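Notes for the one structure printed next.
What follows draws every value from the coordinates through simple rules; no lab data is involved. Keep in mind that this is a model prediction, so the values were computed, not measured. Here the Cβ positions follow ideal geometry from the backbone for every residue, glycine too, while neighbour counts run over all protein chains shown.
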Amino acid sequence: MASPFSLPRFERPEDMPGYARVQWRRQPGARLLAIAAAVCWPPLLTLIVWPPKNWIPGADTDWRLILLLIGLIAVPTAIEVMDRSRARSGRPATRLGVVWRFVLWGGLLAAALQVLLALVVMIVGLFGAQSVFEALGSTETVLLIYGVGGLPVAILVGTSYALWAGLCVAFIAFKKAPEAVNDRLGLMGGQNS
């Protein structure tokens, strides 16, 4: 008899947490519910408690509104790309694979958007400069603040948002796949599921 304090034995890779094979849920609202849960994590919950001072898009727009807009575009796009990948190669086949793809794509997207922001602000600073030395100073300041200082923070925020989104999609839009059936008697027409 096993002790209640003994660790579980992992006989197969599927026995480890997150390694069970999954498939899309057939319910039509599962993906929409997963998208809504994934997008709503930081922005909507905090907007109720601390409403932004400026709702109008501009230079001082609340970062949560920007994050909400990025999530509304990125999460459905990631689900569509993942659906195509699963149709083509069958991967990601596990919940852990779904979460890892979201984390990787979220970190890369956050880094790309932060670099794009730094370049745009640098170009605006170059055109607004009165002299060459002011343009060089503006470029240095922008690259230090937005590039060196802002890039790790952006990657951290993007990765954490993507982790939440990946968990929502992995547990709401996917369900555990049925076990494979061996055709021991040959009654399934030569197909092994």
- In nm, what is the difference between 0.36 nm times the number of residues separating TRP50 and TRP63 and their Cα-Cα distance? 3.4 nm
- Going through the DSSP H helices of the chain, which span 18 Å or more along their own axis at the Cα atoms while scoring at least 0.0 as a mean Kyte-Doolittle hydropathy? 63-89, 95-128, 150-168
- Per DSSP loop assignment and a cutoff of at most 16 other beta carbons within 10 Å, the chain keeps its longest run without exposed trypsin sites (Lys or Arg not before Pro) at 54-183
- Could you point to the label whose value was computed as volume of the Cα convex hull per residue in Å³ for the structure here, given (1) 168; (2) 124; (3) 201? (3)
- Have a look at PRO76, PRO52, PRO152 and tell me which one the Gaussian network model of the chain (Cα, springs below 10 Å) gives the largest fluctuation. PRO52
- Query: Net charge near PHE174, counting Lys/Arg +1 and Asp/Glu -1 over other residues with Cβ under 9 Å of its Cβ?
  - Reply: +4
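Within 11 Å, Cβ to Cβ, of ILE79, how many net charges do the neighbouring residues add up to if Lys/Arg are +1 and Asp/Glu are -1?
+2
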- Item | Distance in nm between pseudo-label sites at GLU11 and SER160 (7 Å out along the Cβ direction from Cα) | 4.1
